[in-house]
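Below: one structure, written as structure tokens.
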């Protein structure tokens, strides 16, 4: 049975989807974009600031499910400019520790609200 996971201090979904769904010991997080949970607006700044906000939002959802970044086994990073990969990766690496989750990084033409980065996550709960 699937269970909705939401958290105070995390932006609400901006469409007909769940921010996170728990199924058994698996947690599936929808793609997160850099929305400030207090205002619902995009954060100021470039790829580093946007990546940090995305990962902070993900951290809130993980915590609501009783998890943290050590539970994450897979991520997908969507970027509009792979030229910003090194800067995104620097911030991303500060949230994870070895063994790092499996990851795909994909350049896309456009993301919701014209953001620079979107990340989705799969975690295994203990």
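The values are calculated or read from the model by the stated rules, or taken from the named source; none is laboratory data. Just so you know, these numbers come straight off a predicted model, no measurement behind them. Positions of Cβ are generated from backbone atoms using ideal geometry, with glycine treated the same way; all protein chains shown enter the neighbour counts.
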Options 74, 103: the member that is surrounded by 12 or more Cβ atoms within 10 Å (Cβ to Cβ) and farther than 15 Å from residue 51 by Cβ = 74
Failed condition for residue 49, given (1) touching a helix residue (DSSP H, G or I) at 6+ places or on another chain (Cβ under 7 Å); (2) touching a residue at least 12 places away in the same chain (Cβ under 8 Å), with all others met?
-> (1)
Which of the residues spanning the stretch 102-124 are in a loop (DSSP other than H, G, I, E, B) and closer than 22 Å to residue 11 by Cα?
-> 110, 111, 115, 116
Answer yes or no: is there a residue in the stretch 31-48 that is in contact with a strand residue (DSSP E or B) (Cβ under 9 Å, 6 or more places away or on another chain) and within 23 Å of residue 124 (Cβ to Cβ).
-> yes
Residue list for the stretch 15-40, restricted to those being surrounded by 12 or more Cβ atoms within 10 Å (Cβ to Cβ) and farther than 19 Å from residue 72 by Cβ = 35, 36, 37
Considering (1) farther than 27 Å from residue 4 by Cα; (2) part of a strand (DSSP E or B), say which one residue 99 fails and leave the rest.
-> (2)
State all residues of the stretch 1-13 that are at pLDDT 95 or above and touching a helix residue (DSSP H, G or I) at 6+ places or on another chain (Cβ under 7 Å); if no residue qualifies, say none.
-> 5
Would you check if residue 90 is over 24 Å from residue 8 (Cβ atoms) and either out of contact with any strand residue (DSSP E or B) (no Cβ under 6 Å at 6 or more places or on another chain) or surrounded by fewer than 18 Cβ atoms within 10 Å (Cβ to Cβ) (or both)?
-> yes
